[in-house]
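The values are calculated or read from the model by the stated rules, or taken from the named source; none is laboratory data. All figures in this text were calculated on a predicted structure; none of them were measured in a lab. Ideal geometry is used to build each Cβ from the backbone, glycine not excepted, and the neighbour counts take in all protein chains shown.
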Amino acid sequence: MNEQSMQGGCTCGAVRYRCEGEPVMAAHCHCRDCQRSSGAAMATVFAVPKAAFTLLQGRTATYVYTGDSGQPVTRHFCPTCGAPLFTDVTVMPEVQFIRAASLDEPARIQPTMHVYCDSAQPWGECRDELPRYPKLPG
Ligand SMILES: [Zn+2]
Ligand SMILES: [Zn+2]
């Protein structure tokens, strides 16, 4: 198997996916949806080109909400165990956002920034040197 290939899935194992190649970004996201859907101060996400992402088995349930762009954001999660898995962002159709913790080997992801720090929680502070953005960079 391609050593750049990564696989992941949900807690119960019903949903499995694979992605190929280097992530195009990886970040700690402090947005309110990541907070609510994880129950934590942030969620760590990465993105790969959509063509590099394959759903191997299972079906996700989805929840659609309006992102700060005003366009839909579709969050996919396992309907059985509830684990958050990946997200489609309408304004960035070329990439698949994936929750890093859903990987089989989450340590392979190296986040390079904090995003949506506008809604970061005082009890979720990270003492690292990574750049912080109020929303998204650029
Ligand atoms: Zn599951
Ligand atoms: Zn987020």
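Any residue that is hydrophobic (A, V, I, L, M, F, W, C), crowded, with 20+ Cβ neighbours inside 10 Å and within 12 Å of the chain's Cα centre (by Cα) - is there at least one of those in region 74-81?
Yes: region 74-81 contains one or more residues that are hydrophobic (A, V, I, L, M, F, W, C), crowded, with 20+ Cβ neighbours inside 10 Å and within 12 Å of the chain's Cα centre (by Cα).
Can you pull out every residue in region 11-38 that is within 15 Å of A100 (Cα to Cα), within 16 Å of ligand 1 (Cβ to nearest atom) and surrounded by fewer than 22 Cβ atoms within 10 Å (Cβ to Cβ)?
T11, R16, S37, S38 - these are the residues of region 11-38 that are within 15 Å of A100 (Cα to Cα), within 16 Å of ligand 1 (Cβ to nearest atom) and surrounded by fewer than 22 Cβ atoms within 10 Å (Cβ to Cβ).
Residue check, M6 against (1) within 16 Å of ligand 1 (Cβ to nearest atom); (2) surrounded by 18 or more Cβ atoms within 10 Å (Cβ to Cβ), all met but one. Which one?
Of the numbered conditions (1) within 16 Å of ligand 1 (Cβ to nearest atom); (2) surrounded by 18 or more Cβ atoms within 10 Å (Cβ to Cβ), the odd one out for M6 is (1).
Quick one: is F46 surrounded by 22 or more Cβ atoms within 10 Å (Cβ to Cβ) and under 15 Å from the mean Cα position of the chain (by Cα)?
yes
Take the conditions under 20 Å from D104 (Cα atoms) and either touching a Leu at 6+ places or on another chain (Cβ under 8 Å) or more than 16 Å from ligand 1 (Cβ to nearest atom) (or both) and apply them to T44. Does it pass?
yes
Can you report the number of residues in region 85-108 which are of a type in the set (A, V, I, L, M), closer than 22 Å to A51 by Cβ and either more than 15 Å from ligand 2 (Cβ to nearest atom) or loosely packed, with under 13 Cβ neighbours inside 10 Å (or both)?
Within region 85-108, residues that are of a type in the set (A, V, I, L, M), closer than 22 Å to A51 by Cβ and either more than 15 Å from ligand 2 (Cβ to nearest atom) or loosely packed, with under 13 Cβ neighbours inside 10 Å (or both) number 2.
Might you let me know whether region 24-37 holds any residue that is within 22 Å of R108 (Cβ to Cβ) and more than 16 Å from ligand 2 (Cβ to nearest atom)?
Checking region 24-37: at least one residue is within 22 Å of R108 (Cβ to Cβ) and more than 16 Å from ligand 2 (Cβ to nearest atom).
Name the residues in region 48-84 that are more than 10 Å from ligand 2 (Cβ to nearest atom) and β-branched (V, I, T), would you?
The answer is V48, T54, T60, T62, V64, T66, T74, T80.
Pick out, from region 53-115, the strands (runs of 3 or more DSSP E) lying fully within it that include 2 or more residues that are modelled with pLDDT under 95.
none
Tell me which residues, restricted to region 82-103, are within 14 Å of the chain's Cα centre (by Cα) and within 14 Å of ligand 1 (Cβ to nearest atom).
Scanning region 82-103 gives A83, P84, L85, F86, R99, A101, S102.
For region 38-47, enumerate the residues that are more than 7 Å from ligand 2 (Cβ to nearest atom) and within 23 Å of Q7 (Cα to Cα).
Passing the criteria: S38, M42, T44, F46, A47.
Looking only at region 55-92, which residues are aliphatic (A, V, I, L, M) and farther than 14 Å from C29 by Cβ?
L55, L56, A61, V64, A83, L85, V91, listed by residue number.
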